[in-house]
Amino acid sequence: MSPSFRKPFMGVLIALALWALWWFIPSEEERIRRVLEQARASVSSEGKPADGLALLARVGQLTQCLTRDVEIQVDVFGGLSGNLSGVDEVRAAAAGMTQQFPGLKVQLSEIQISELMPTSAKATVVATINTGSRNGQTAQEFELRFRKWEGRWYISKIATVQALRTR
Amino acid sequence: MSQLSDTPIPWWQVMAIGRNPRTTLVRLAITLVIVFVGFRMSIQPILVQGISMQPTYRDGQRRFLNKLAYRSAQPQRGDVIGIQEAGKQVLLLKRVIGLPGERLRIVQGTVLINGELLEEPYLLPPTNGVQNPARWNVAEVQLQDGDHYVIGDNRSMRQDDHYFGIVNQNRIVGRLMNP
């Protein structure tokens with residue numbers, strides 16, 4: 001190899017090695033981000049089939065991200081409010097939602113991971129939810145709690161964050 | 001070559017791009033970067049949506065927030081502020097009526113701060129015999145350090161339809177400019 005190519009080649013090699021390191025041995029924060037991405041992708045329809053086996057596969061993909069005792073608390077001012085408890089309730093709700101909104105698209109932004117402990121973590125995210133209908137886009141901030149079990153992170157709690165409180 | 005460099009540059013060219021176009025371009029690029037960064041750091045444009053700040057601000061109006069307003073000062077009573085609702089892009093526009101350490105309650109639409117009546121000249125006067133503000137009631141709250149009580153100017157709407165309450169300082173983005 002000519003000397004003029006040696007340096008760029010080494011640079012590319014080092015960059016590839018760093019990428020491989022990041023991909024195959026991700027940091028805990030990166031692992032949590034991947035769980036979030038898996039959950040996001042499983043609830044986003046984005047034109048994917050929403051019935052039969054495809055639906056089951058997607059809901060299954062979502063439940064792989066959740067603990068058995070997962071809790072979801074939704075309280076949006078002037079909008080949706082309610083609680084879900086346990087993976088079965090979440091599975092049923094996710095299947096219903098996917099069928100009701102076949103064009104559902106969820107995007108996550110401003111992901112902040114904090115309180116990262118060996119077996120627990122907290123994250124705040126802004127979810128932009130587009131139901132696919134006219135004026136069907138909304139953004140909502142969520143706080144998520146994670147638990148680590150056998151080397152894998154699971155979502156144990158999801159709650160909406162309200163900017164204003166009464167007390 | 002020397003003949004070329006001695007050729008006088010036309011006045012319109014000097015006016016448009018300077019004597020040395022390359023230097024002018026560099027200066028222009030630096031200025032644009034400084035303006036862009038400065039604008040992003042200090043000002044946030046907002047689009048008013050909804051009716052909770054009527055009559056002061058109407059649906060569809062465009063305004064600007066001064067993001068540096070509270071770097072060295074605290075929000076004051078009467079300030080109209082932007083609050084992070086969902087991340088940095090979705091904001092609430094509300095007026096500060098209660099400050100940290102104060103006791104606040106609302107009795108039949110009248111705001112009481114530490115037991116004293118708060119005058120609110122920005123509210124609509126009673127119209128056609130209809131009380132304005134409407135007869136809202138909020139039990140007494142004690143504001144902690146860093147907490148501010150915020151509310152919209154439209155008190156003629158139903159209390160349940162109006163989103164108001166206590167906000168922590170860390171969610172305040174800035175003060176509305178040219179209120």
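The values are calculated or read from the model by the stated rules, or taken from the named source; none is laboratory data. Just so it is clear, the structure is predicted and the values come from calculations on it, not from any experiment. Positions of Cβ are generated from backbone atoms using ideal geometry, with glycine treated the same way; all protein chains shown enter the neighbour counts.
Residues in the range A:35-73 that are outside any helix (DSSP H, G or I) and at pLDDT 90 or above: how many? Talk me through it step by step, then tell me what you get.
Taking the range A:35-73 as the starting set, the residues that turn out to be outside any helix (DSSP H, G or I) are A:44-51, A:64-73.
Pick out the ones that are also at pLDDT 90 or above and you get A:64-73.
Of the residues in that region, 10 qualify.
Look at B:LYS94 and say whether it is surrounded by 12 or more Cβ atoms within 10 Å (Cβ to Cβ), among the charged types (D, E, K, R) and farther than 25 Å from A:THR166 by Cα. Walk me through it before giving the result.
Numbers: surrounded by 12 or more Cβ atoms within 10 Å (Cβ to Cβ): yes; among the charged types (D, E, K, R): yes; farther than 25 Å from A:THR166 by Cα: no.
No, not satisfied.
Filter the range B:113-125 down to residues that are part of a strand (DSSP E or B) and surrounded by fewer than 17 Cβ atoms within 10 Å (Cβ to Cβ), then give me how many there are. Spell out the reasoning first.
Start the filter on the range B:113-125 by keeping residues that are part of a strand (DSSP E or B), which leaves B:113, B:116-117.
Next cut, surrounded by fewer than 17 Cβ atoms within 10 Å (Cβ to Cβ) only: B:116-117.
Going through the range B:113-125 one residue at a time, the tally reaches 2.
Please state which one of B:VAL14, B:VAL37 is part of a helix (DSSP H, G or I) and over 40 Å from the mean Cα position of the chain (by Cα).
On the way: B:VAL37 fails: over 40 Å from the mean Cα position of the chain (by Cα).
B:VAL14 is the lone residue from the list that is part of a helix (DSSP H, G or I) and over 40 Å from the mean Cα position of the chain (by Cα).
Given the criterion more than 12 Å from the chain's Cα centre (by Cα) and modelled with pLDDT of 95 or more, identify the matching residue among A:ALA121, A:ALA163.
Numbers: A:ALA163 fails: modelled with pLDDT of 95 or more.
Checking each option against the conditions leaves just A:ALA121.
Hey, could you check the range B:1-51 for residues that are of a type in the set (Lys, Arg) and within 30 Å of B:ARG71 (Cβ to Cβ) and say which is modelled with the lowest pLDDT? Let's see the steps before the verdict.
In the first step, residues of the range B:1-51 are kept if they are of a type in the set (Lys, Arg); the result is B:19, B:22, B:27, B:40.
Now restrict to residues that are within 30 Å of B:ARG71 (Cβ to Cβ): B:27, B:40.
On the way: B:ARG27: 90, B:ARG40: 85.
Of everything passing the filter in the range B:1-51, B:ARG40 is modelled with the lowest pLDDT.
Take the residues in the range B:136-176 that are among the acidic types (Asp, Glu), within 11 Å of another protein chain (Cβ to nearest Cβ) and not in a helix (DSSP H, G or I), then tell me which one is surrounded by the most Cβ atoms within 10 Å (Cβ to Cβ). Even if it seems obvious, please write down each step before you answer.
Of all residues in the range B:136-176, those among the acidic types (Asp, Glu) come to B:140, B:145, B:147, B:153, B:160-161.
With the extra rule that they be within 11 Å of another protein chain (Cβ to nearest Cβ), the set shrinks to B:140, B:147, B:160-161.
Now drop any that are not not in a helix (DSSP H, G or I), which leaves B:140, B:147.
Numbers: B:GLU140: 11, B:ASP147: 20.
Checking each candidate, the answer is B:ASP147.
When the range B:85-97 is examined, which residues are found to be within 12 Å of another protein chain (Cβ to nearest Cβ), of a type outside the set (A, V, I, L, M) and either free of Cβ contacts under 8 Å to residues at least 24 places away in the same chain or assigned to a strand (DSSP E or B) (or both)?
Within the range B:85-97, B:GLU85, B:GLY87, B:GLN89, B:LYS94 qualify.
Of everything in the range B:114-137, what is at pLDDT below 85, farther than 16 Å from B:GLY152 by Cα and of a type in the set (A, V, I, L, M, F, W, C)? Give them in sequence order.
Within the range B:114-137, just B:VAL130 meets the criteria.
Limited to the range B:54-77, what total is found for residues that are surrounded by 10 or more Cβ atoms within 10 Å (Cβ to Cβ) and within 12 Å of the chain's Cα centre (by Cα)? Spell out how you get there, then give the answer.
At the first step, the residues of the range B:54-77 found to be surrounded by 10 or more Cβ atoms within 10 Å (Cβ to Cβ) are B:54-59, B:61, B:63-70, B:73-77.
Subsequent filtering for residues that are within 12 Å of the chain's Cα centre (by Cα) retains B:57, B:63-70, B:75.
Total meeting the criteria: 10.
Kindly evaluate A:GLY96 against the criterion of being closer than 17 Å to A:ALA159 by Cβ, away from every other protein chain (no Cβ under 14 Å) and surrounded by fewer than 14 Cβ atoms within 10 Å (Cβ to Cβ). Don't jump to the end; show me each part of the working.
Details: closer than 17 Å to A:ALA159 by Cβ: no; away from every other protein chain (no Cβ under 14 Å): yes; surrounded by fewer than 14 Cβ atoms within 10 Å (Cβ to Cβ): yes.
So A:GLY96 fails the test.
Scan the range A:131-158 residue by residue and report those that are touching a strand residue (DSSP E or B) at 6+ places or on another chain (Cβ under 7 Å) and within 14 Å of another protein chain (Cβ to nearest Cβ).
Of everything in the range A:131-158, those that are touching a strand residue (DSSP E or B) at 6+ places or on another chain (Cβ under 7 Å) and within 14 Å of another protein chain (Cβ to nearest Cβ) turn out to be A:GLN137, A:THR138, A:ALA139, A:GLN140, A:GLU141, A:PHE142, A:GLU143.
Please work out which residue is nearest to A:LEU164 (Cα to Cα), limiting yourself to the range A:60-86 and to residues that are surrounded by 15 or more Cβ atoms within 10 Å (Cβ to Cβ) and of a type in the set (A, V, I, L, M).
A:VAL74
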